[in-house]
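Written below as structure tokens is the structure these notes are about.
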């Protein structure tokens, strides 16, 4: 099996990618997702709470239903397809919503006291250390990480799906480095909801 990881700036985009992987025949058992929950969009009861990514005071699912933009459907699909979604605290990331095969190994690393449990889990499954550090930092800054295990015969198909709307992790890493970032630090404070919103605005401005 080959491991592929991609970062997305928000969970609704990642949810659409997850659904596409599922429809393409990639087993749900081979897909993991780790999404930042500092904004509290996923509540302890296991259901999405009030979701307002654009900060306009209106639940994004309502907007999606009204405009047909698919935001609500993507969020609903994420909650429905990943019955195992749960809240997890990872050092340096703060609260995340996570499910899938990668999550259990990351959780074990954290329980065992190893710094950078997520990075350790990614590198253990073939992700190079620089990318793993950037993926962890991306989740810390509000992003959502999808990691899939695929057979070689499915690699091209899975990469084509995962690459749609994914962050260019090397370009993003360079942007952070120009602003003084070096590597993911599990001892760094988690980003607040306001900091994440400012970070996303910065990405939109750069684009």
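The values are calculated or read from the model by the stated rules, or taken from the named source; none is laboratory data. The structure displayed is predicted, hence computed values, not measured ones. Cβ: placed from backbone, ideal geometry, glycine included. Neighbour counts: every protein chain shown.
Could you run through segment 174-191 and say how many residues are assigned to a loop (DSSP other than H, G, I, E, B) and surrounded by fewer than 13 Cβ atoms within 10 Å (Cβ to Cβ)? Looking only at that region, the number is 5.
Within segment 139-173, the residues that satisfy the criterion of being in a loop (DSSP other than H, G, I, E, B), surrounded by 18 or more Cβ atoms within 10 Å (Cβ to Cβ) and in contact with a strand residue (DSSP E or B) (Cβ under 7 Å, 6 or more places away or on another chain) are 142, 143, 166, 167. For segment 118-138, the criterion of a residue being more than 14 Å from the chain's Cα centre (by Cα), modelled with pLDDT under 95 and more than 16 Å from residue 5 (Cα to Cα) is satisfied by no position. Residue 197 meets all of the listed conditions (1) at pLDDT 90 or above; (2) more than 18 Å from the chain's Cα centre (by Cα); (3) more than 16 Å from residue 5 (Cα to Cα) but one, namely (2).
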